[in-house]
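Below is one structure, written out as structure tokens; comments come after it.
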Amino acid sequence: MKKRHQQKLIIIALILWMGFNLPLVLLFDSAQNMGGFPLIYVYFFSLWILAILLSLLIVRRYNE
């Protein structure tokens, strides 16, 4: 894997770290529901799945 692809994965990790940071998480800590699930659960799992899919895309496309 080339250096620039490793840098993309590091950027994804930093964005994920910032996404799970407490001030941003507290924005979604409310009594609202989305599809029957609390909004904070939807936020956590959608952020997690997005990071997994982006990482998979980078690794599969640029694996050498």
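Derivation of every value follows stated rules applied to the coordinates shown; laboratory data play no part. Keep in mind the model is a prediction, meaning the values are calculated, not measured. Don't worry about glycine lacking a Cβ; one is built from the backbone with ideal geometry, like all the others, and counts go over all protein chains shown.
Given R0 = 22 Å, the distance between the Cβ atoms of Asn21 and Leu57 translates into a calculated FRET efficiency of 0.35. Against the chain, whose longest principal axis comes from its Cα atoms, helix 3-19 is set at around 10 degrees. Once volume of the Cα convex hull per residue in Å³ is calculated for the structure shown, the corresponding label among (i) 61; (ii) 182; (iii) 77 turns out to be (i).
Relative to the longest principal axis of the Cα atoms of the chain, the long axis of helix 39-62 makes an angle of roughly 10 degrees.
Rounded to 0.05, the FRET efficiency of the Tyr41 and Ile10 pair, given R0 = 30 Å and the Cβ-Cβ distance, is 0.65. When only Cα pairs below 8 angstrom with a gap of at least 6 residues are kept, the chain shows a relative contact order of 46 percent. A protection proxy built from the mean count of other Cβ atoms within 10 Å ranks the segments 29-38, 2-11, 47-56, most packed first, as 47-56, 2-11, 29-38. The modelled label-to-label distance between Trp48 and Lys2, using points 7 Å beyond Cα along the C-beta direction, is 3.3 nm.
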